[in-house]
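Worksheet for the structure shown next.
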Amino acid sequence: MFKSGNCTECTTCGSCQQTPNVDTPTLFCMNCQPSDAPCLMACSENAIEVLGGAITINIKKCTRCRDCVDACTLDIIKI
Ligand code: SF4
Ligand code: SF4
């Protein structure tokens, strides 16, 4: 069972949707199918990528425009 107080935000469990960090936008979300994920489709920089079936943000490409934040109806992405 997930206990938030014990979470080290390692993301290896695959359940973690977001690892907040003020400097580095990180994301590991499996809520949407990669083929129709609103965040992925909203990113004009192609910075949102699929890694092991999860949606992730490539921070080297991300310009922090926040279009993906607006596109996600579940308010998962924090940038
Ligand atoms: S903030 Fe902008 S550039 Fe970065 S992942 Fe989201 S949509 Fe793409
Ligand atoms: S749109 Fe939101 S819920 Fe869907 S994959 Fe992207 S971050 Fe996850």
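Here are a few things to note about the model shown:
- Options PRO20, PRO25: the member that is within 13 Å of ligand 1 (Cβ to nearest atom), modelled with pLDDT under 90 and in a loop (DSSP other than H, G, I, E, B): PRO25
- Residues satisfying the stated conditions in the stretch 23-49, i.e. more than 10 Å from ligand 2 (Cβ to nearest atom) and of a type outside the set (Ser, Thr, Tyr): ASP23, PRO25, GLU45, ASN46, ALA47, GLU49
- Looking across the stretch 50-79, the residues that are near ligand 2 (Cβ under 8 Å from one of its atoms) and surrounded by 15 or more Cβ atoms within 10 Å (Cβ to Cβ) come down to ILE55, CYS68, ALA71, CYS72, ILE76, ILE77.
- Selected residue (only one of THR56, THR8 is at pLDDT 60 or above and part of a strand (DSSP E or B)): THR56
- Within the stretch 47-79, being farther than 19 Å from MET30 by Cβ and more than 10 Å from ligand 1 (Cβ to nearest atom) holds for one residue alone: LYS60.
The values are calculated or read from the model by the stated rules, or taken from the named source; none is laboratory data. The shown structure was predicted, so the numbers you read here are calculated from the model rather than taken from an experiment. When we count neighbours, we look across all protein chains shown, and the Cβ atoms used for this are built from the backbone with ideal geometry, even at glycine.
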